[in-house]
Amino acid sequence: MLAMSKYKLLGATALAIVTAVVATSCKDKQSTGWQYAPNMYEHIAFEYDQKNPNFKDGKTAQVPPAGTIPVGFTRFDYPNTRAGYDQASAEVKNPLPSTPANFEEGKVLFLHFCSPCHGENGQGDGLVTQHGYPPPPSYSKGQSSRGGAMKDLTDGKIYHTVTYGVNAMGSYASQLSPEERWKVIMYVHHLQTL
């Protein structure tokens, strides 16, 4: 008798579930059903391209206030001119400590980003020279196109060149963060002594 009531209870529960599913599925076909956390689907905030009555010009996308600096941005206030290059040479020093870890990271970055042109040992014999491109000067023996020996390049001169580029070398500011550039410079100073 007890077993029979269990089956009746189980059957009644199954019938109730089936009835509920059928009843809720027969609603409006355009309905997507219940939404969990509707504020995730229906934005309260204005979209960037919408009109916005909260601002004088009616635009949601606003220009940042003058003088603001993005989070994580490092200022380099030396213009891409010869005067900026010379000023950076005199004033800019590597802020990172010279540690084995920074040196090794600089080596890896140099091999990935710089060695295709400059060669693994900085002698200007990278792979691109095999394809007809002019070789860059050797770090230890060459002469800079801006004057002076490559082995005498300072932190500021190298940082300025990596940031802005020079001659056939383009800027690497978008490929290397400021910290990564300083690590590469540590390794370049090693190559200047070879």
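Residue by residue, here is whether (1) modelled with pLDDT under 90; (2) closer than 20 Å to Lys183 by Cα; (3) not hydrophobic (A, V, I, L, M, F, W, C) holds:
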| residue | (1), (2), (3) |
| --- | --- |
| Glu42 | yes, no, yes |
| Pro53 | no, no, yes |
| Asn94 | no, yes, yes |
| Phe110 | no, yes, no |
| Gly119 | no, yes, yes |
Inter-residue pairs, beta-carbon under 6 Å, first surrounded by 10 or more Cβ atoms within 10 Å (Cβ to Cβ) and in segment 46-70, second of a type in the set (Val, Ile, Thr), 6+ apart: Phe46/Thr60; Tyr48/Thr60; Gln50/Thr60; Asn52/Thr60
Filtered residues of segment 88-110 (kept if surrounded by 13 or more Cβ atoms within 10 Å (Cβ to Cβ) and in contact with a helix residue (DSSP H, G or I) (Cβ under 8 Å, 6 or more places away or on another chain)): Ala88, Ser89, Val92, Asn94, Leu96, Asn102, Phe103, Glu105, Gly106, Lys107, Leu109, Phe110
Tally of residues being in contact with a helix residue (DSSP H, G or I) (Cβ under 7 Å, 6 or more places away or on another chain) and assigned to a helix (DSSP H, G or I) across segment 164-181: 2
Matching residues, segment 112-128, being exposed (fewer than 14 other Cβ atoms within 10 Å of the Cβ) and of a type in the set (A, V, I, L, M, F, W, C): Leu127
Failed item in (1) farther than 16 Å from Pro178 by Cα; (2) modelled with pLDDT of 90 or more; (3) of a type outside the set (Gly, Ala, Ser), with Tyr36 passing the rest: (2)
Within segment 129-174, tally of residues that are of a type in the set (A, V, I, L, M), at pLDDT 90 or above, surrounded by fewer than 18 Cβ atoms within 10 Å (Cβ to Cβ) and more than 24 Å from the chain's Cα centre (by Cα): 0
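The values are calculated or read from the model by the stated rules, or taken from the named source; none is laboratory data. What you see is a predicted model; the values in this text were computed from it and never measured. We place every Cβ from the backbone using ideal geometry, glycine too, and count neighbours over all the protein chains shown.
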